[in-house]
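The block underneath contains the structure these notes are about, expressed in structure tokens.
Quick note: the coordinates plus some simple rules give every number you see, no bench work behind them. Values in this document were obtained by computation on a predicted structure and should not be read as measured data. Note that each Cβ is placed from the backbone with ideal geometry, even for glycine, and that neighbours are counted across all protein chains shown.
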Amino acid sequence: LLESNAGHRPISLVGYSLGARVIYKCLRELTRHQEKWEEQQRHKQNSMKGSRMSIIDQERSQVTTKSNDGDKEEITYVREPASIVEDVILMGCPLSVNLESWASCKEVIAGRFVNCFSREDMILTLMFRYKNIKSVFATVGGIAPVNISG
């Protein structure tokens, strides 16, 4: 999504079950990139206060980060990561609800963030609890509301 050559129109993401989980993880990654982009923009504003930037420099931003291996990787942002996703609909999402994490995902979504759930989905409840024994008391996104605005 960050390197899309298909245009610059925002997209809507809809996912059910495992697809909803993949979309959530994608939103977490976009949140991480948004933080890097904002840091890079602050650095660019501080270093370029008195000088003019060319249009190409404004459209393409670069930030250098350290990977887990200690190597530096350079990321080129064609556009702001928060401008990519318009709306998100998650149905029967097999994830525990961490309000802080879900709220940070909402920050990279321009439009609506909808969690479709059913309190009567016993298969999701049992399988989630079985696979995540340590999360027995956690709220599951696919069977309960997530109370964040948006």
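Suppose the chain between SER12 and LYS25 were pulled fully straight at 0.36 nm per residue; how much longer would it get relative to their current alpha carbon spacing?
Gain on extension, SER12 to LYS25, equals 3.2 nm.
Measure off 7 Å from each Cα along the Cα-to-Cβ vector at GLU120 and ASN98, then give the distance between these two points in nanometres to one decimal.
Each label point lies 7 Å from its Cα, and together they span 3.2 nm.
Add +1 for every Lys or Arg and -1 for every Asp or Glu among the other residues with Cβ under 15 Å from the Cβ of PRO10, and state the total.
Details: positive: ARG9, ARG79, LYS106, ARG112; negative: GLU80, GLU86, ASP87, GLU107.
Charge balance in the 15 Å sphere: 0.
Describe numerically, in nm with one decimal, the distance between label points set 7 Å from Cα along Cα→Cβ at GLU80 and at LYS44.
1.1
Name the long-range amide H neighbours of GLY141: under 5 Å, sequence gap of 5 or more, or other chain; modelled H, no Pro or chain starts.
Those qualifying (amide H under 5 Å, at least 5 residues apart or on another chain) are LEU95, SER96, VAL97.
Between beta-carbons, use under 12 Å as the cut-off and find the net charge around ARG28, counting Lys and Arg +1, Asp and Glu -1. Could the numbers behind the result be given before it?
Working: positive: ARG21, LYS25, ARG32, LYS106; negative: GLU29, GLU35, GLU100, GLU107.
Overall, the nearby charge balance is 0.
Using label points projected 7 Å from each Cα along Cα→Cβ, tell me how many nm separate GLU35 and MET127, to one decimal.
3.1
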